[in-house]
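The values are calculated or read from the model by the stated rules, or taken from the named source; none is laboratory data. For clarity, every value in this text was computed on a predicted model and none was experimentally measured. Here the Cβ is made from the backbone with ideal geometry for all residues, glycine too, and neighbour counts use every protein chain on show.
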Amino acid sequence: MTTTAHLLDSRHEPRYQREAWAPLMISAAEIEAAFRALEAGDPDDRGRREMLIVHPQAPRGVRGLAPATQVSLGVLLPGESTVPIRANTTGLSMCLNGNGTIEIGTRTMTVGFQDVWTKPSMSMEVLSNNGTTAFRYLRYTNAALLEAISSYYEDFGSTVGSEPARSAPDGKRRAKDLAPAVELSDDGSQLLPYEHIIDPDPVTDRPLLFAWDDVSQHLSGVLGLRTGYTGRPLYCLYNPSTGRLNGTTPSFFATITAIGGDFAGGTHRHMSSAINYHFAGNGYSVVEGQRFDWSAGDLMLSAPGWAAHAHTITGAGARILTVQDHPLHTSTGSLVWQEDIDNGEVLALGTQSGFETNLAEYADRS
Ligand SMILES: [Fe+2]
């Protein structure tokens with residue numbers, strides 16, 4: 001079969017139109033029903049019981065709640081374990097019930113309620129439930145992006161415990177050391193030999209555990225923030241291996257919003273897509289003028305790419321896990337952001353100097 005390219009003449013073709021994804025709420029009741037359905041019957045051939053939550057606007061063959069973000073609910077019943085597998089995805093999960101044992105590469109982690117853990121690329125992964133109640137988790141990976149660009153890879157590896165990053169034996173020169181870059185001109189342009197292409201310096205991405213017992217002890221710094229502060233009352237669960245990307249994984253940051261009372265955030269927008277899991281409290285989000293009231297247990301695509309949005313927390317406060325493909329966009333230079341929706345600048349964060357908050361003037365922190 002011969003494949004023929006389409007030739008699109010810009011003089012006759014319509015301009016590209018980015019498709020805006022609609023905000024979408026998955027209620028606590030829908031999530032509970034999905035878990036109950038997963039807990040019935042047998043696991044799949046990989047020992048998993050997982051339900052993908054797919055946005056109706058996801059392209060054919062792509063299973064994402066946001067364009068780059070695959071979200072699933074998973075459960076293991078007592079005594080169950082998954083088949084060892086490795087994939088070129090990166091991701092993070094939060095435990096919603098019970099306890100699990102997570103083996104990723106050479107690390108074994110025991111996780112409990114509201115703990116968050118990360119999964120690096122190409123590390124062997126086994127999830128087990130050694131407890132007496134259902135182990136439920138909420139999982140985010142960049143599989144949706146990889147499916148969209150036909151780049152998802154998985155295999156069954158050899159053994160659990162293999163390290164994802166290799167390094168040259170001590171004292172051994174790498175071929176790239178014999179192949180220096182060639183400087184071209186004063187603007188910084190260079191020529192790189194092939195040896196560099198196939199041996200980039202690895203950055204080891206170890207699985208991380210953000211135990212709720214630890215995280216929750218450090219939230220006092222944001223719990224006292226109130227309306228008037230122009231930032232957001234949150235901490236990023238930072239993975240230092242992501243460096244300047246400020247990520248929890250190379251694709252996503254996960255933040256914990258923690259507020260002890262009313263808080264109204266400003267209306268803004270960004271090309272990154274944000275998904276909020278509200279695990280305590282109440283509030284509402286206004287997305288492109290549409291109001292969504294939420295409470296504990298509700299999951300929401302709360303900020304589709306470039307949708308104007310604002311979140312308001314009411315009453316006794318809230319706790320929110322936000323997963324956003326911010327690092328992915330930072331790495332590609334595509335993270336356009338408008339902090340002030342009315343007349344603020346549009347900046348490419350990570351490429352241009354970014355925004356500041358009024359933290360210095362905010363005098364009501366407690
Ligand atoms: Fe936002």
Subject >> Residue check, V336 touching a strand residue (DSSP E or B) at 6+ places or on another chain (Cβ under 7 Å) and either within 11 Å of the ligand (Cβ to nearest atom) or farther than 15 Å from L245 by Cβ (or both) >> reply: yes
Original post:
Considering region 240-269 alone, what residues qualify as being part of a loop (DSSP other than H, G, I, E, B) and either modelled with pLDDT of 95 or more or hydroxyl-bearing (S, T, Y) (or both)?
Top reply: N246, G247, T248, T249, P250, S251, F252, T267
Subject >> Inter-residue pairs, beta-carbon under 6 Å, first touching a residue at least 12 places away in the same chain (Cβ under 8 Å) and in region 214-234, second among the basic types (K, R) and not in a strand (DSSP E or B), 6+ apart >> reply: G224/R365
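Any residue at all in region 294-302 that's touching a residue at least 40 places away in the same chain (Cβ under 8 Å) and touching a helix residue (DSSP H, G or I) at 6+ places or on another chain (Cβ under 6 Å)?
Yes.
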Original post:
S251 is checked against (1) out of contact with any helix residue (DSSP H, G or I) (no Cβ under 9 Å at 6 or more places or on another chain); (2) among the hydroxyl-bearing types (S, T, Y); (3) more than 14 Å from the ligand (Cβ to nearest atom) and fails just one. What number does that condition carry?
Top reply: (1)
Subject >> Positions within region 334-363 being part of a loop (DSSP other than H, G, I, E, B), of a type outside the set (G, A, S) and touching a helix residue (DSSP H, G or I) at 6+ places or on another chain (Cβ under 7 Å), in sequence order >> reply: L335
**OP:** Only residues that are in contact with a Ser or Thr (Cβ under 6 Å, 6 or more places away or on another chain), surrounded by fewer than 20 Cβ atoms within 10 Å (Cβ to Cβ) and not hydrophobic (A, V, I, L, M, F, W, C): list them for region 208-249, please.
**Re:** G224, T230, G231
Original post:
Looking at G243, G289, G297, which one is over 22 Å from the mean Cα position of the chain (by Cα), away from the ligand (no atom under 14 Å from the Cβ) and small (G, A, S)?
Top reply: G289
Original post:
Taking G305 and the conditions (1) over 18 Å from the mean Cα position of the chain (by Cα); (2) assigned to a loop (DSSP other than H, G, I, E, B), which numbered condition does it fall short on, given that it satisfies the others?
Top reply: (1)
Subject >> R18 being at pLDDT 95 or above, of a type outside the set (A, V, I, L, M, F, W, C), touching a Phe, Trp or Tyr at 6+ places or on another chain (Cβ under 8 Å) and loosely packed, with under 10 Cβ neighbours inside 10 Å >> reply: yes
Original post:
Among helices (runs of 4 or more DSSP H) lying entirely in region 182-226, which contain 1 or more residues that are modelled with pLDDT of 95 or more?
Top reply: 194-197, 212-215
Subject >> Only one of S331, S272, S366 that is more than 14 Å from the ligand (Cβ to nearest atom), at pLDDT 95 or above and not in a strand (DSSP E or B) >> reply: S331
